[in-house]
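Where a number appears in this text, it was derived from the coordinates with a stated rule and is not lab data. Predicted model, so just to flag it, every value in this text is computed and none were measured. A quick note on method: Cβ atoms are made from the backbone with ideal geometry, for glycine too, and the neighbour counts reach across all protein chains shown.
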Amino acid sequence: MSSTIEAAPEKTSGTSPQKRNIILLFAGLMVTMLLASLDQTIFSTALPTIVGELNGVDHMLWVTTAYILASTIMLPVYGKLGDLIGRKGLFIGAIMLFIAGSVVGGLAGDMTWLIVGRAIQGLGGGGLLILSNAIIADVVPARERGKYMGIMGGVFALSSVAGPLLGGWFTESIGWRWAFWMNIPLGLLAIASALVFLRLPKGASGKPRLDWAGMGLLAIASTCLVLVTTWGGTTYDWDSGVIISLIAGTVVAAVAFVLVERRAAEPIMPLKLFTDRNFNLTTIAGLIIGIAMFGALAYLPTYLQMVTGSNATQAGLLMIPMMAALLLTSIVSGQLVSKTGRYKWLPIVGTVIVAVALVLLSTMTPALPVWVICTYLAVMGIGLGMSMQILILVVQNSFPVSQVGTATASNNYFRQIGASLGSAIVGSLFVARLTDLLAERMPIGGAAASGSSNSFTPALVKALPAPLRDVIVGAYNDALTPVFLYMVPLLLIAVVLLCFVKEKPLATTIERDSVATSLEIDGATHPALDQADTTAAATADGVDAADEFAPDTSDDPDGNGRDHVLVTS
């Protein structure tokens, strides 16, 4: 026997204790997000010292690549598992894994163990980012979620500046290993916060059917793609056998992944996601923004050092206007969304502003005052702050809570891929143009005196005679600035795509699955929560159990996103 019912929305309590619990839980989530985002940047200034001490300069690239690769692979895994088995235990497990990686890295006596520690950190770090975003969707309705997600966006802005500065300070004072040790007390604090304040419904009863084949193929495709973007044009030429083989491996694994996902009982990245217009549009836009943001961020510090003569710390400080603007506009944008319920215009305007910022950056010259460059960076920060977290909110508002982890993880996965592509594309174009310009402009005697372009450092360039220095600085400027302009058409494509996003009303309640022996969602059958677990969860959250299970037979004509499920017995 089966009947179709509509899962009744969960009512939220307006009592101050509940609000206080959400704030305390949110503080714990911010700590975990800060841990994961800091670890992507904190080693940028410490790496030269680390690899010198551990005698591993030839393996330096893997300290960063190991973390990025592991976290990228795990994004969709954590998203799907969180939807299947619940997020609380998974969240705590991800923090513990991150702490374990920090211990391994902190104790590392050689490069091999350092890279292993970074990989373990990445396996946990992917979960910290995704599960934090999904947990907010579990406890805060979409209408109120904007102000929380705005602060989340600010965490990334903070870590982008604080990471390199902390890494430099640790290296020069108490030692680089404290970049690992600091994660232990912060991680334990985050675990305590989750244990005390995190109250979520349990996951599905019974043993979940995991998509092992999909996980394996996605891992292969992601690994090949990340290695292409990391090695292409640097370690290996783009037309080398290694790079061509990796590109072929990416394509073959991706095609096989799609075929497997079509037949999987619990696909790790359900193809049904791609039938939702808002998901497709925001995911493509997010990928493009990732290309632009990380393509610019990857080489702007180098530009600032070479062209303005700043040292590494000063170059990091010069990025503060961009991050401060991102922090401010991210928070203000979130507040506006929560107050008005309108959100479509924000990423559209934000993406236009990012495009304007790239045009401004393409006009930079060695003679341009530093404060003008900082102003251009602030303009980019304003655009990014108006768009990044709002795109995630749009995705979450398009799916029921039972699928929000998978949808959020899939969206972030493609943004991460965009970040890798952006760094690779900009880096390849920049290096190729720089090599040509130096060969064209450098006098023969000057080239011999200054060495190859591979050996240029800010200190070396600064010490060169003025004529040679001007040639090198001009080459760096003319090699990088046009690349910013090349990315503008991509941003304009994103603007057009975002214009077609359907502005669905933001949900003012949180929905849970109703009582059932099994749930059929999007053609796949899932074990359901038993009534005792669901009632307990509802009561813990201040929800009247009678209201929680009251059926509503409306046909949802206003597109409010209520979750229709087929109850079978």
## Note on the structure
Over all directions, region 269-502 yields a Cα convex hull whose mean projected area in nm² is 13.4 nm²
### Message
Around PHE500, under 14 Å between beta carbons, what's the net of Lys plus Arg minus Asp minus Glu among the other residues?
### Response
+2
### Query
Regarding region 212-263, what whole-number volume in Å³ per residue does the convex hull of its Cα atoms give?
52 Å³
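Looking at this model, which pairs from LYS80/LYS339; LYS339/LYS502; LYS80/LYS147 are more than 29 angstrom apart at the alpha-carbon? Mind dumping the intermediate values first?
Values: LYS80/LYS339 31 Å; LYS339/LYS502 19 Å; LYS80/LYS147 25 Å.
In this structure, LYS80/LYS339 lie more than 29 Å apart at Cα.
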### Task
Could you let me know the centre-to-centre spacing of region 249-297 and region 99-121, using Cα atoms, in angstrom?
31 Å
## Note on the structure
The distance between the Cα centres of region 375-410 and region 207-233, in whole Å, is 23 Å
### Vicinal HN-Hα couplings computed from phi for region 377-389 (Karplus, 6.51 cos²θ - 1.76 cosθ + 1.60; Hz; Gly/Pro x)
5, 5, 4, 4, x, 4, x, 5, x, 7, 10, 4, 6
### Task
Give the distance, in whole Å, between the Cα centre of region 316-353 and the Cα centre of region 167-190.
30 Å
### Query
Using modelled backbone amide H atoms (1.01 Å from N, in-plane), which distant-in-sequence or interchain residues come within less than 5 Å of GLY232's amide H?
none
### Task
Would you kindly calculate the mean projected area, averaged across all directions, of the convex hull enclosing the Cα atoms of region 221-374, in square nanometres?
12.9 nm²
### Query
Residues with amide H under 5 Å of PHE43's amide H, sequence separation 5 or more or different chain, H placed in the peptide plane at 1.01 Å from N; which?
none
